[in-house]
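Chemist: One structure is given below, represented as structure tokens, and several questions about it will come after.
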2 protein chains.
Amino acid sequence: MPQGIKTLVVVGVGLIGGSFALSLKRAGLVERVVGVGRSLENLERALELGVVDAISQDAGAACRGADMVLLATPVGQMEKVLLAMAPELSPGTLVTDAGSTKSDVVRLFERCLPQHLAWCVPAHPIAGAELSGAAAARYGLYENRDVIITPLAASDPHSVGQVSALWRACGARIHHLTPQGHDEVFASVSHLPHLLAFAYVDMVAGKDNAASCFDLAATGFRDFTRIAGSSPEMWRDVALANREALLNELTAYRAELDAMVQEIEAADGTALAERFARARSARHQWYQAFLKKS
Amino acid sequence: MPQGIKTLVVVGVGLIGGSFALSLKRAGLVERVVGVGRSLENLERALELGVVDAISQDAGAACRGADMVLLATPVGQMEKVLLAMAPELSPGTLVTDAGSTKSDVVRLFERCLPQHLAWCVPAHPIAGAELSGAAAARYGLYENRDVIITPLAASDPHSVGQVSALWRACGARIHHLTPQGHDEVFASVSHLPHLLAFAYVDMVAGKDNAASCFDLAATGFRDFTRIAGSSPEMWRDVALANREALLNELTAYRAELDAMVQEIEAADGTALAERFARARSARHQWYQAFLKKS
């Protein structure tokens, strides 16, 4: 059982931050949640819905005396928030985040909170981001979800243990990775496919026969392109924040495409069928495991 | 109301062929369906389920005296079937198919049935192929689905009208395209994404950290890669049959990727966000229209 939290500050009260607050409340592990954000309307909605117990538009003031702070804003907004928090944090206040890239967040923590690193524990909960606002928050979002914890070199093991235990209390499965290991894995399984899907839809939309194409696209197209409906701003930030790992993935993918193009040019049906069969088999194995755990 | 069919021969009694037979039976537009195939077990199952009224393993013999023949086999098996049918067809017997590429099927018709082209009408019903066998056949599969008709230069307009009317009676929306126009559109919206998904999964499966990648892949990965679970043999055939259009698509896609890579290398956030926003907007528009018609 993790140690309970008297005051939790959630900066960015949307699906991710709001659901963390609700889950900990249900588990009886938090007494009071203060919601911080830029939109007063969203904060008032969060208060009305009981997602938070108090609201503030001043991250620094809200952090005074808090036991824990969760940064659940886009990564692009974190620096400003961290700088406002820095002079107000007391030793022992846990600081964690929910950003989808980790090496850059680690650098931010190290630059903005150099005196506080023992209590900083970067993390990344894997949960859909297609809904936003306080009204999207819900109990149970993290049941059976993966949360990646990427401790700093300076993180106190006790802090890491506390943050892990709180996520576990929300129902999540905890994984520990280095920030770089995290960014490499997510460049592969999340960032690259988002960019490939954006590029694909953008290409089709630019074709002379785009109208006929869209008119006849069906369910395969629908599923393959779902992630191209994601936020352009968020994915611009991710692409830039995880640039190095993503460029490696793109290089590897282009090499794979080049090999496939050569097989098509050479009408090498055997090599193509082998490539497709390897992919189908890997996808099938993955999907069976995914169904089992979700 | 289309003219009714006394004897319909369906070569390949699976999801596509079997559902066509069932739909026409329900519409009261066919008296007797003869199922033809290589697997006696599947044919007997089709008979048992009432999908067909008689079965045969000899396409030529089955076609004698038929009013209409639907080829619902993989395109790679069509030549053999057409050559067996050729000496047995009577003038006036409609011949259509359900192949997912059309220029190659047109060439096959022209080569194998040169005396019969007035009654040949190639077509492509857009309906998932992830299920197979007679047991997958069902009434209603074609309700609100698209069927592309690609007449031959020599197709009699009356034949085209009859085949179109029968598909319409199954609930389908009819589109007329040239074989080349069909193959270009489907290279874009179906063949290319299948190949991109196969290549992507094959690349991830080959990585040193593949196990971690698969362990942490979530719903975005699931949807993006669903079509990589498709039949390697079918997609090898499609890739080779529609090679020229597909190579054009791959060239265009690689150019789009190259441009995106340059933007990432240059950390050009504005250009990336614009590209992603164009894609999201096109995808959103497409999806609204898709929901409306389906």
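The values are calculated or read from the model by the stated rules, or taken from the named source; none is laboratory data. This is a predicted model, so every value here is computed, not measured. Here the Cβ is made from the backbone with ideal geometry for all residues, glycine too, and neighbour counts use every protein chain on show.
Listed here are the residues, each with its yes/no results for (1) within 11 Å of another protein chain (Cβ to nearest Cβ); (2) more than 17 Å from the chain's Cα centre (by Cα); (3) buried (at least 19 other Cβ atoms within 10 Å of the Cβ).
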{"position": "A:149", "(1), (2), (3)": "no, no, yes"}
{"position": "A:154", "(1), (2), (3)": "no, yes, no"}
{"position": "A:159", "(1), (2), (3)": "no, yes, yes"}
{"position": "A:167", "(1), (2), (3)": "no, no, yes"}
{"position": "A:174", "(1), (2), (3)": "no, no, no"}
{"position": "A:188", "(1), (2), (3)": "yes, no, yes"}
{"position": "A:193", "(1), (2), (3)": "yes, no, yes"}
{"position": "A:206", "(1), (2), (3)": "yes, yes, no"}
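Chemist: Let me ask something else. Filter segment A:28-48 for residues that are farther than 22 Å from residue A:90 by Cα and not in a loop (DSSP other than H, G, I, E, B) and give the result.
Modeler: Selection gives A:40, A:41, A:42, A:43, A:44, A:45, A:46, A:47, A:48.
Chemist: Can you tell me how many residues in segment A:265-294 are at the interface with chain B (Cβ under 8 Å from one of its Cβ atoms) and touching a residue at least 12 places away in the same chain (Cβ under 8 Å)?
Modeler: 2
Chemist: Take the residues in segment A:264-294 that are touching a Phe, Trp or Tyr at 6+ places or on another chain (Cβ under 9 Å) and surrounded by fewer than 16 Cβ atoms within 10 Å (Cβ to Cβ); name whichever of them is nearest to residue B:194 (Cα to Cα).
Modeler: In this case the residue turns out to be A:285.
Chemist: Look through B:230, B:190, B:164 and report the one residue that is within 22 Å of residue A:271 (Cα to Cα), among the hydroxyl-bearing types (Ser, Thr, Tyr) and modelled with pLDDT of 95 or more.
Modeler: The match here is B:190.
Chemist: Next question. Output the residue which, of all residues in segment A:208-229 that are over 28 Å from the mean Cα position of the chain (by Cα) and facing chain B (nearest Cβ under 7 Å), is surrounded by the most Cβ atoms within 10 Å (Cβ to Cβ).
Modeler: Only one residue tops the list, namely A:217.
Chemist: Cβ-Cβ under 7 Å, sequence separation 6+ or interchain: first residue in segment B:253-264 and modelled with pLDDT of 95 or more, partner aromatic (Phe, Trp, Tyr). Which pairs?
Modeler: So the pair list comes out as B:253/A:200.
Chemist: Please tell me if residue A:182 is surrounded by fewer than 24 Cβ atoms within 10 Å (Cβ to Cβ), touching a residue at least 40 places away in the same chain (Cβ under 8 Å) and within 11 Å of chain B (Cβ to nearest Cβ).
Modeler: no
Chemist: So, one more: From (1) touching a residue at least 60 places away in the same chain (Cβ under 8 Å); (2) of a type in the set (Ser, Thr, Tyr); (3) in contact with a Phe, Trp or Tyr (Cβ under 8 Å, 6 or more places away or on another chain), pick out the condition that doesn't hold for residue A:188.
Modeler: The single condition residue A:188 does not satisfy is (3).
Chemist: So, in segment A:65-92, exactly how many residues are under 18 Å from residue A:118 (Cα atoms) and out of contact with any Ser or Thr (no Cβ under 6 Å at 6 or more places or on another chain)?
Modeler: 14
Chemist: Counting just the residues of segment B:201-225 that are in contact with a Phe, Trp or Tyr (Cβ under 7 Å, 6 or more places away or on another chain) and part of a helix (DSSP H, G or I), which one comes out farthest from residue A:230 (Cα to Cα)?
Modeler: Ranking the candidates gives B:203 first.
Chemist: Can we say residue A:235 is touching a His at 6+ places or on another chain (Cβ under 7 Å), within 7 Å of chain B (Cβ to nearest Cβ) and surrounded by 17 or more Cβ atoms within 10 Å (Cβ to Cβ)?
Modeler: yes
Chemist: Oh, and also: Let me spell it out: the conditions are (1) in contact (Cβ under 8 Å) with a residue 60 or more places away in the chain; (2) in a helix (DSSP H, G or I); (3) within 22 Å of the chain's Cα centre (by Cα), and residue A:51 meets all of them except one. Which number is the exception?
Modeler: If we test residue A:51 against (1) in contact (Cβ under 8 Å) with a residue 60 or more places away in the chain; (2) in a helix (DSSP H, G or I); (3) within 22 Å of the chain's Cα centre (by Cα), just (2) comes out false.
Chemist: Filter segment B:238-263 for residues that are facing chain A (nearest Cβ under 7 Å), farther than 21 Å from residue A:206 by Cα and buried (at least 21 other Cβ atoms within 10 Å of the Cβ) and give the result.
Modeler: B:239
Okay, residues lined up against (1) β-branched (Val, Ile, Thr); (2) more than 26 Å from the chain's Cα centre (by Cα); (3) not assigned by TED's automatic domain parsing to the domain that holds residue B:102:
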position	(1), (2), (3)
B:231	no, no, yes
B:235	no, no, yes
B:251	yes, no, yes
B:255	no, yes, yes
B:274	no, yes, yes
B:282	no, no, yes
